[in-house]
Amino acid sequence: MAPTRPQTEQEKFGRHRPLTDRDAHEINRIEELSYDLKVREVMASKIITTSPDVPVSSVLDLLRANRISGVPVVADANLLGVISLEDVVRALQKNELAMPVRNYMTTQLVTVNTFDSIMKAIKAFNEKRLGRLPVIDEHHKLAGIITKGDINRGFLLALERDYKEEEVRRYRASHLFEDIISDRTTLVLRYNIKVGDFNNGGNASSHIKRALLRLGADQQLARRCGIAAYEAEMNLIIHTNNGGILKLEVEPHRISLITTDDGPGIADTQKAQQPGFSTATDKVREMGFGAGMGLVNIQRCVDKMELDSTPGKGTRLTMRIVVPPETLNSKKGSS
Amino acid sequence: MNMNLTDIITIAEGTVLTPGLATGLNIHGACCADLMSDVLAYSRPRAVLITGLTNPQVVRTAQMADFRAIIFVRGKHPQQETMDIAIQENIPLISSPLGMFELSGRLHDAGLKSYENNGAD
C-alpha cells in the first residue's frame, strides 16, 4: 500500500487558505507601516520632467523613450502641472502637437508632501483613482513622484528590516531544545532581587518574558509567565527583609517560576492568598500595588501555585505553567 | 473597531513624550486604571493604557500585559526613569491634558472598545 502523505495546504483549502496568525500579524504590521513610513522614504526622487514651453510632440517622445504614461511640468523646480498620455492624445486629435505643453497639461493636481505618511498617498490613490502623485517638499518645490509600486516596495523593504532584527535572534534561541540532546534539558535563569529597589522592579520579569519569546513561546504564554513573574518579583521587593531570588526553569514541556527569600515569612499563607488581603505600606499603594491582588493574579496566570512559608525563616513560591506540545521543542520552529 | 495610535493621539490632544518611537500602532482597545494589579488582572493584549500614575512600574506593567502604548491624563509628565524604560521597551508614552473620564468618553465615542476584562475570561 502506498504511504499516505498529508495534504498540502493548497490541496486542503484550494486557493483560499484561511488566514494564519502569522498572516494576521503581517497585515497588521503593514497597516502600521502605512502610518509610520513617510512619503520621502519610498518616493522616486530621480524624476523625468518637462518644461511648459516645449511642444507637446516632444513629450510624446519622452513618454515613449522612458516607457512612462505622464511627466510633471516644471519651471524653476516649481510644479506647474502634469502632462499625461491622455493629454497628448487630446492634442493629437486637434492636430496641435506643435503647441506648447502649457496648453494641454493638467493643472488641477492632487499632490502629497514629503513628510506625509504613506497612508495619505494610499487614500489619494483610492479616492481619486490616480496612478501617480507628484510629491512636494517644505518649500513647495517638486521633490519626487510616488506610485503604488513605490509603496509596495517600501512595505517589503520595511518588513525585511523587521524580520532581520528580532526574528534571527529568535530563530537561533528557539532551536536550543532541538540542538542540545539530553534525557532532560532544563534552562535555568536566576535573578537576584533587591528589597526596596522599586525603580528596577520588573527588570527581571522583563528579561524573563523576552527570553521566553525568543525560545519560541507564543504571546499568550509569554504574557502569562511575565505577569506571574512580575507580581512575584514585586513581592520580593515589597515584602522581604533582604530581597530574594527569582528563578526561571524552562523545559520543553513546562515552565517553572520560583521565588525564594530568607524572611520575614508569612504567618498565615491561606489568608495571604485571599483577594484584597494586604500588608503593604502607603508608599507601595501609591505606586499602584499593594491591593492584595498579587497572589490572586499569579494564581490566574499559572497552572499550579504553591506557597510555603515559615515565619522567621523565609518563603518559597513555586509557579508552574504547562507548555502546550510543539511550542518550545517544535521541529517546525516557532512563529 | 481597531484604531491607529496616531488618530488616538489627535483625539486625546496628546503630546508624544518618547521621540523616535513609532506611533503608527494598531490599537485594539483601551483600559483605564491607577491600580497596576487591576491592569495585570483585568486587561487584554494590544490595548492602550490610560492612567494617572507615572512611575516606572506603569511601563513594566504595560510591557508584561502586552499594552502597545500609555496615555497619562491631566497633562502629567513621567520621571526620566519611566521614559528610559519606555524607550528601551518600545512603548510610546503620550501626555493628554484631558481627565481620565473625558478622554475615555471621547475615545469610546470614536469607536474604541473597552479592553477591560471583568474577570470573566
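Can you pull out the residues in the stretch A:244-294 that are in contact with an Asp or Glu (Cβ under 8 Å, 6 or more places away or on another chain), over 17 Å from residue A:226 (Cβ atoms) and part of a helix (DSSP H, G or I)?
A:269
Since residue A:319 meets every condition but one in (1) surrounded by 20 or more Cβ atoms within 10 Å (Cβ to Cβ); (2) more than 29 Å from residue B:117 (Cα to Cα), which condition does it not meet?
It fails just one condition, (2).
Specify which of the listed residues (B:33, B:47) is within 19 Å of residue B:113 (Cβ to Cβ), more than 11 Å from every other protein chain (Cβ to nearest Cβ), surrounded by 17 or more Cβ atoms within 10 Å (Cβ to Cβ) and within 11 Å of the chain's Cα centre (by Cα).
B:47
Looking at the stretch A:43-59, can you tell me whether even one residue there is of a type in the set (Lys, Arg) and on the phi > 0 side of the Ramachandran plot?
no
Looking only at residues in the stretch B:54-84 that are surrounded by fewer than 18 Cβ atoms within 10 Å (Cβ to Cβ) and part of a loop (DSSP other than H, G, I, E, B), which one is nearest to the other protein chains (Cβ to nearest Cβ)?
B:79
Regarding the stretch A:171-191, can at least one residue be identified that is closer than 27 Å to residue B:37 by Cβ and modelled with pLDDT under 95?
No, the conditions are met nowhere in the stretch A:171-191.
Kindly provide the set of residues from the stretch A:105-136 that are under 12 Å from residue A:38 (Cα atoms) and not small (Gly, Ala, Ser), ordered by number.
A:112, A:113, A:114, A:115, A:116, A:118, A:119, A:120, A:122, A:135 - these are the residues of the stretch A:105-136 that are under 12 Å from residue A:38 (Cα atoms) and not small (Gly, Ala, Ser).
For every residue, the table says whether it meets (1) polar (S, T, N, Q); (2) crowded, with 17+ Cβ neighbours inside 10 Å; (3) closer than 30 Å to residue A:167 by Cβ.
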site	(1), (2), (3)
A:258	no, yes, no
A:262	no, no, no
A:287	no, yes, no
A:298	no, yes, no
A:323	no, yes, yes
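If residue A:228 passes every condition in (1) surrounded by fewer than 21 Cβ atoms within 10 Å (Cβ to Cβ); (2) within 11 Å of chain B (Cβ to nearest Cβ) but one, which one does it miss?
Residue A:228 satisfies all of (1) surrounded by fewer than 21 Cβ atoms within 10 Å (Cβ to Cβ); (2) within 11 Å of chain B (Cβ to nearest Cβ) except (1).
Condition first: among the hydrophobic types (A, V, I, L, M, F, W, C) and surrounded by fewer than 13 Cβ atoms within 10 Å (Cβ to Cβ). Can you find one or more residues in the stretch A:265-279 that meet it?
Scanning the stretch A:265-279 turns up at least one residue that is among the hydrophobic types (A, V, I, L, M, F, W, C) and surrounded by fewer than 13 Cβ atoms within 10 Å (Cβ to Cβ).
Name the pairs: first residue in the stretch A:285-309 and at the interface with chain B (Cβ under 7 Å from one of its Cβ atoms) and closer than 30 Å to residue A:324 by Cα, second residue acidic (Asp, Glu) and part of a helix (DSSP H, G or I), Cβ to Cβ under 8 Å, at least 6 apart or on different chains?
As it stands, the answer is A:293/B:38; A:294/A:231; A:297/A:231, since those pairs meet every condition given.
In this structure, does residue B:119 turn out to be on the phi > 0 side of the Ramachandran plot, at the interface with chain A (Cβ under 10 Å from one of its Cβ atoms) and either assigned to a helix (DSSP H, G or I) or at pLDDT below 95 (or both)?
Yes: the conditions hold for residue B:119.
Can you give me the number of residues within the stretch A:27-50 that are surrounded by 15 or more Cβ atoms within 10 Å (Cβ to Cβ) and away from chain B (no Cβ under 12 Å)?
8
What about residue A:102, is it farther than 14 Å from residue A:38 by Cα, surrounded by 14 or more Cβ atoms within 10 Å (Cβ to Cβ) and within 24 Å of the chain's Cα centre (by Cα)?
No: the conditions fail for residue A:102.
With the requirement that a residue be modelled with pLDDT of 95 or more and touching an Asp or Glu at 6+ places or on another chain (Cβ under 8 Å), what does the stretch A:192-201 give you?
A:193 - this is the single residue of the stretch A:192-201 that is modelled with pLDDT of 95 or more and touching an Asp or Glu at 6+ places or on another chain (Cβ under 8 Å).
Mind telling me which of the residues B:100, B:36 ends up being of a type in the set (A, V, I, L, M) and touching a helix residue (DSSP H, G or I) at 6+ places or on another chain (Cβ under 8 Å)?
B:36
For every residue, the table says whether it meets (1) more than 14 Å from chain B (Cβ to nearest Cβ); (2) surrounded by 12 or more Cβ atoms within 10 Å (Cβ to Cβ).
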site	(1), (2)
A:134	yes, yes
A:143	yes, yes
A:149	yes, yes
A:179	yes, no
A:182	yes, no
A:188	yes, no
A:207	no, yes
A:213	no, yes
A:222	no, yes
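Consider residue A:40 against the criteria (1) in a loop (DSSP other than H, G, I, E, B); (2) under 38 Å from the mean Cα position of the chain (by Cα): it satisfies all of them except one. Which criterion is unmet?
That leaves (1) as the condition not met.
The values are calculated or read from the model by the stated rules, or taken from the named source; none is laboratory data. Quick caveat: nothing in here was measured; it's all calculated off a predicted structure. With ideal geometry, Cβ positions are generated from the backbone for all residues, glycine too; neighbour counts draw on all protein chains shown.
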